[in-house]
1. Kindly report, to the nearest 10 Å², the accessible surface of Asp125 as traced by a 1.4 Å probe over protein heavy atoms only.
2. Once Lys and Arg get +1 and Asp and Glu get -1 on their Cβ, which of Cys131, Ala38, Asn71 lies farthest toward the positive end of the dipole of the chain?
3. Can you send over the carbon and sulfur percentage of the accessible area for the chain, probe radius 1.4 Å, protein chains only?
4. Report the extension gain between Asp52 and Val122 in nm, rounded to one decimal, defined as 0.36 nm multiplied by the number of residues separating them, less their alpha carbon distance.
5. Report, largest value first, the span of the C-alpha coordinates of the stretch 1-74 along each principal axis, in whole Å.
6. Ordered by packing density, taken as the mean number of other Cβ atoms within 10 Å over each peptide's residues, highest first, how do 91-97, 61-67 rank?
7. On a 20 Å Cα-Cα criterion, which of the cross-link pairs Lys86/Lys113; Lys42/Lys64; Lys86/Lys132; Lys108/Lys132; Lys42/Lys72; Lys7/Lys106 come out too long?
8. Just check the stretch 93-134 against the gyration tensor rule for me: Cα atoms, a ≥ b ≥ c as the square roots of the eigenvalues, rounded for a/c under 1.5, and otherwise prolate or oblate depending on whether a/b exceeds b/c.
Amino acid sequence: MNKQRQKEIDGLRARIEALQAEEQREAEQQKAIEDLHAQLEKGLEKVGVSLDEYIKANIKVYKKAIALAENKSVAKVKRSSGPSIKIPAGRYSNIPSAPGKVFQVKEKGPRPKAVKAYAEEVGVDVFLSQCKLG
C-alpha cells in the first residue's frame, strides 16, 4: 500500500474518531439539558409559577440566547460546505457534465465550475488520475 493511501486512511480514521467523540458529547449535552429542564419544571411547580410566566419574566435572556443560536446555525451552514479543494493548473478532460470538452486551468484564478464540481464529487486523487491530460 502506498504512503499517500495510508495517510488518507489514517486521516479518515482520525475523522471518524473525532465524529464519534462529538456525537457522544452531543448525547451527553442533550441528556443534561433534558435533566435540567425537568428540574426547572419541578422547581417552578413547587413555587406555583408556570413555565410561561417564567419565560415571560426572563424574555430578554431567552431572546438573546435564541439570537445567538440562530447566528451560530447560520455560521455552521456556511462552514459546512467544507474547505475548498486544490485543483492544480493543467488541462482536464473526461468531465461527465461536459464530455469531450478540454478545460484549461491556469495557476491563478477561478476554476471552471464543471471541473471543480466533479473534483469535489469524486475526490482530487481520482479526478487527477481520470481527467488530467499530459
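1. The value for Asp125 is about 80 Å².
2. The one lying farthest along the dipole's positive direction is Cys131.
3. Details: 6300 of 11270 Å².
Carbon and sulfur atoms account for 56 percent of the accessible area of the chain.
4. Working: separation 70, 0.36 × 70 = 25.20 nm, distance 5.13 nm.
Result: 20.1 nm gained on full extension.
5. 68, 26, 10
6. Numbers: 91-97: 15.7, 61-67: 10.4.
Result, highest mean Cβ count within 10 Å first: 91-97, 61-67.
7. Numbers: Lys86/Lys113 13 Å; Lys42/Lys64 25 Å; Lys86/Lys132 14 Å; Lys108/Lys132 17 Å; Lys42/Lys72 30 Å; Lys7/Lys106 28 Å.
Violating the 20 Å Cα-Cα cut-off are Lys42/Lys64; Lys42/Lys72; Lys7/Lys106.
8. On the way: a/c = 1.27, a/b = 1.15, b/c = 1.10.
Rounded, because the longest to shortest axis ratio a/c is under 1.5.
The values are calculated or read from the model by the stated rules, or taken from the named source; none is laboratory data. In this text the structure is predicted, and so the values were computed from the model without any measurement. Here Cβ is always computed from backbone atoms with ideal geometry, including for glycine, and neighbour counts include all displayed protein chains. The protein model used for the area step is the full one, side chains on, heavy atoms only, and it has no ligands, DNA or RNA in it. Shrake-Rupley method; radii C 1.70, N 1.55, O 1.52, S 1.80 Å.
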